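These notes concern the structure reproduced below.
The values are calculated or read from the model by the stated rules, or taken from the named source; none is laboratory data. All values reported here derive from a predicted model rather than from experimental measurement. Every residue, glycine among them, receives a Cβ derived from its backbone with ideal geometry; neighbour counts consider all protein chains shown. SASA here: full protein model, heavy atoms, side chains in, ligands and nucleic acids out. Shrake-Rupley method; radii C 1.70, N 1.55, O 1.52, S 1.80 Å.
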Amino acid sequence: MDDSNLTAAVSEALKNRKFLAELQKNLDEADLAVAKLQPVCKACGKCCNFAQAPHRLYASTGEIALLVAKNPPTTAPPLTCPYQQQDACENRKPRPLGCRTFFCEQHQQKPVTSLLQDVYEKSHAKITQLHAKYQIPYQYRELTQACGELNSCE
Ligand code: SF4
Ligand code: SF4
């Protein structure tokens, strides 16, 4: 398989239920680690608005597969996550690791950013290992562009 072909890589991941189940478990564990840090979020949705935000969100093949498995992406303008409706995420359960571990600094009552980064790195290392274990082609893609690629191949 051509490892640069995101659609083929995601398709491979979608066929492997054990891989997706282990991946979801890893993401749920990351949520528990994040919850212990008690980060504050006012649910304004600004961090998901990549056309305005100063950052980008990257996700692996498997995370993208989980995200689109039950809810394929619709067409969206550039740098727009197709799962953001108004200010909310309409696909929270399978959302990628970066969505779970990002909290803007301005609302935090204690320094959690580097601890959140630690959660990200530990969980991302496990995600990389899972791709190797199940021989899923690993890609690491900017989320909105990846959704656009998958949408254009439907
Ligand atoms: S983390 Fe910050 S920017 Fe993102 S939704 Fe919460 S309050 Fe808004
Ligand atoms: S998947 Fe959900 S949480 Fe992640 S960027 Fe899109 S709207 Fe935000």
Trypsin sites (Lys or Arg not before Pro) restricted to region 39-115 and DSSP loop, no more than 11 other C-beta within 10 Å: K42, K70, R92
Projected label distance in nm at A35 and T7, using a 7 Å step from Cα toward the beta-carbon: 3.9 nm
Extent along principal axes [Cα atoms of the chain; Å; largest to smallest]: 47, 34, 22
Neighbour net charge for V112 - beta-carbon separation under 14 angstrom, K R +1, D E -1: +1
Within the chain: Cβ-based charge dipole about Cα centre, in debye rounded to nearest 20 (Lys, Arg +1; Asp, Glu -1): 460 debye
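Rounded if a/c is under 1.5, else prolate if a/b is larger than b/c, else oblate: which is region 1-90, with a ≥ b ≥ c the root eigenvalues of its Cα gyration tensor? Please list the in-between numbers first.
Details: a/c = 2.12, a/b = 1.24, b/c = 1.71.
Oblate is the answer for region 1-90, as a/c is 1.5 or above yet b/c matches or exceeds a/b.
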Protein accessible area in region 6-152, 1.4 Å probe - carbon and sulfur %: 53 percent
Total lysine pairs under 20 Å (Cα atoms) in region 6-152, excluding pairs fewer than 8 apart on one chain: 26
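Where Lys and Arg each count +1 and Asp and Glu each count -1, what net charge lies around C48 among other residues with Cβ under 10 Å from its Cβ?
On the way: positive: K46, R95; negative: D87.
Within the 10 Å Cβ shell, the charges total +1.
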Filtered chymotrypsin sites (Phe, Trp or Tyr not before Pro), region 75-154: DSSP coil and at most 16 other beta carbons within 10 Å: Y134, Y138
1.4 Å probe accessible area per residue over region 6-152, in Å²: 56 Å²
